[in-house]
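Here's the structure, in structure tokens; my notes come after.
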Amino acid sequence: MRAVFVCYSGTGNTRRVCEALMGELAARGHEAELVPLIRGEALPPLTAERIVFAFPVHAFRAPAPVLAAIGALPPSAGRTVFFVRTSGEPLALNHAAVLAPRRILQKKGYRVAGDLHYVMPYNIIFRHTDGMAARMWETVVRRLPADAAAIEAGSGRLPRVGLFGRAAALAVRIEQPAMPLIGRGFSVSEDCVGCGACAARCPERNIRMGGGKPVFGGHCTGCMACAFFCPRDAVRTGILNGWRVNGAYDLTAPPAEDKEVCRYCRKSYLRYFHSYE
Ligand SMILES: Cc1cc2nc3c(=O)[nH]c(=O)nc-3n(C[C@H](O)[C@H](O)[C@H](O)COP(=O)(O)O)c2cc1C
């Protein structure tokens, strides 16, 4: 079997999960290819037996570039699609993120066979401890055999999205049209050394270097890669600056024990971790 993972990832969480799943599929004798979704780079024809659309949840929805890529697909007579989704919280509200991509795909004749939702560390709002991040990663690794088997079999589960989830996704719908405007307000502090890491990491190719400093353009999706990967924590994210998270997590840290799980949404995180143990 051949699987292609079309992956939109700002700060690397979603990509990391995809690579782990691809490794598991390869170990089972399958071919798996990763196609990063980058602005301006056309997708190859998606002829594999399994197409996986992978993305982070942004404001309870799939990011705009993912919806655009799905919208541009040719019709299909029943090709099998999975979603791989990452989010900072294990809340069911995040399931609303499958609604729009599923609707578009089904209209085009694709068979949406499953949704694999992984909790990964937050890249906005607040920083998880490395222990929490490591516990999340431990859970991903534990899930790999069953999740790869679902992709292999072409049969998985789709979440039920309640009224509350639909309403929440509707309420924050403004995020997608607002982000290009908010992104125009991104800047750098005097700590910027002009290394260009922000420009290199931006999946939207929205940052160019001018006069040795980044210049932020008008099609930001708020993925936060620029702020996250800046080696000097010099990126200022406009009105979202108070939510800035900088620097990679250490997923090899000792995983948080139950008593160390963060207070925020503690019950939901514990339920998520325990359900795979
Ligand atoms: C603009 C934005 C909105 C987000 N919205 C949500 C959300 O609604 N729910 C959630 O649990 N996490 C949310 N997150 C957290 C990300 O989904 C999470 O950290 C994800 O794993 C990041 O994946 P990436 O590293 O592949 O970009 C948001 C992150 C960003 C940048």
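The test for being in contact with a helix residue (DSSP H, G or I) (Cβ under 9 Å, 6 or more places away or on another chain), at pLDDT 95 or above and within 16 Å of the ligand (Cβ to nearest atom) does not hold for Val188. Of everything listed in (1) hydroxyl-bearing (Ser, Thr, Tyr); (2) buried (at least 17 other Cβ atoms within 10 Å of the Cβ); (3) assigned to a loop (DSSP other than H, G, I, E, B), the single unmet condition for Ser155 is (2). Residues in the stretch 242-258 that are outside any loop (DSSP other than H, G, I, E, B) and either under 15 Å from Thr11 (Cα atoms) or within 20 Å of the chain's Cα centre (by Cα) (or both): Trp243, Arg244. In the stretch 190-211, the residues that are at positive phi form Cβ pairs under 7 Å with partners that are among the basic types (Lys, Arg) and in a loop (DSSP other than H, G, I, E, B), at six or more places apart or across chains, as follows: Arg205/Arg39. Remark: pairs (first residue in the stretch 23-35, closer than 15 Å to Ala48 by Cβ; second residue of a type in the set (Lys, Arg) and crowded, with 18+ Cβ neighbours inside 10 Å; Cβ separation under 8 Å; 6+ apart in sequence or on different chains) = Leu34/Arg15. Looking across the stretch 1-48, the residues that are hydrophobic (A, V, I, L, M, F, W, C), more than 16 Å from the ligand (Cβ to nearest atom) and surrounded by fewer than 18 Cβ atoms within 10 Å (Cβ to Cβ) come down to Met1, Ala26, Ala27, Ala42, Leu43.
Residues in the stretch 71-91 that are under 16 Å from the mean Cα position of the chain (by Cα) and of a type outside the set (Ser, Thr, Tyr): Phe82, Phe83, Val84, Arg85, Gly88, Glu89, Pro90, Leu91.
For the stretch 224-241, the set of residues classified as in a loop (DSSP other than H, G, I, E, B) and touching a Cys at 6+ places or on another chain (Cβ under 8 Å) consists of Cys230, Pro231, Arg232, Ala234, listed by residue number.
Please enumerate the residues belonging to the stretch 74-89 that are crowded, with 20+ Cβ neighbours inside 10 Å and within 15 Å of the ligand (Cβ to nearest atom). Hits for the stretch 74-89 are Phe83, Val84, Arg85, Thr86, Ser87, Gly88. Among the residues making up the stretch 226-273, those that are under 16 Å from Glu89 (Cβ atoms) and not aromatic (Phe, Trp, Tyr) are Val245, Ala256, Val261, Cys262, Arg263, Cys265, Arg266, Lys267, Ser268, Leu270, Arg271. Looking only at residues in the stretch 90-126 that are in a loop (DSSP other than H, G, I, E, B) and touching a helix residue (DSSP H, G or I) at 6+ places or on another chain (Cβ under 7 Å), the one that is surrounded by the fewest Cβ atoms within 10 Å (Cβ to Cβ) is Ile125.
Phe82 passes all but one of (1) out of contact with any Pro (no Cβ under 7 Å at 6 or more places or on another chain); (2) over 17 Å from Arg157 (Cβ atoms); (3) assigned to a strand (DSSP E or B); which number fails? The one condition Phe82 does not meet is (2). Remark: Gly71 matches the filter, which requires a residue to be touching a helix residue (DSSP H, G or I) at 6+ places or on another chain (Cβ under 8 Å), at pLDDT 95 or above and either farther than 22 Å from Asp258 by Cα or within 11 Å of the ligand (Cβ to nearest atom) (or both). Filtered by the rule that a residue be of a type in the set (Gly, Ala, Ser), modelled with pLDDT of 95 or more and on the phi < 0 side of the Ramachandran plot, the stretch 13-64 gives Ala20, Gly23, Ala26, Ala27, Ala32, Ala48, Ala54, Ala62, Ala64.
Looking across the stretch 217-230, just one residue is surrounded by 23 or more Cβ atoms within 10 Å (Cβ to Cβ) and over 18 Å from the mean Cα position of the chain (by Cα), and that is Cys230.
The values are calculated or read from the model by the stated rules, or taken from the named source; none is laboratory data. Source: prediction; values computed, not measured. Here the Cβ is made from the backbone with ideal geometry for all residues, glycine too, and neighbour counts use every protein chain on show.
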